[in-house]
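For reference, the structure discussed in these notes is given below.
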């Protein structure tokens, strides 16, 4: 189970992306997110490359912590890769969109 804080995650993700770009690695990705539950304290989404292969992520709106509640159940997929990108998308909703979390969204880069 992964658990990270919003600020630390943002700094780490930007660092990882810069390293990948410097090394000439492809950095394109797609992650689908489907909302399962939301209240005043948390929001829970399913995330993954498609609707058949998904894990579950939770954002605690009060503390800003992300938790992987369920990993993607496909050993050929790196669940952490998809978790990190799902967290980026949820960060945008939490901070830039002022807490507006749509029913369906995607991280694309």
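Odds and ends about this structure:
- Residues located in the stretch 29-50, provided they are over 15 Å from the mean Cα position of the chain (by Cα) and either loosely packed, with under 15 Cβ neighbours inside 10 Å or assigned to a helix (DSSP H, G or I) (or both): 37, 39, 40, 41
- Residues in the stretch 60-76 that are without any contact (Cβ under 8 Å) to a residue 40 or more places away in the chain and closer than 14 Å to residue 36 by Cβ: 70 only.
- Filter result for residue 57 (farther than 15 Å from residue 109 by Cβ, at pLDDT 95 or above, touching a helix residue (DSSP H, G or I) at 6+ places or on another chain (Cβ under 9 Å) and surrounded by 16 or more Cβ atoms within 10 Å (Cβ to Cβ)): yes
- Set 87, 106: member being part of a helix (DSSP H, G or I), closer than 15 Å to residue 31 by Cα and in contact with a strand residue (DSSP E or B) (Cβ under 9 Å, 6 or more places away or on another chain): 87
The values are calculated or read from the model by the stated rules, or taken from the named source; none is laboratory data. What you are looking at is a predicted structure, and each value in this text was computed from that prediction instead of being measured. For neighbour counting, all protein chains shown are included, and Cβ atoms are generated from backbone atoms with ideal geometry for every residue, glycine included.
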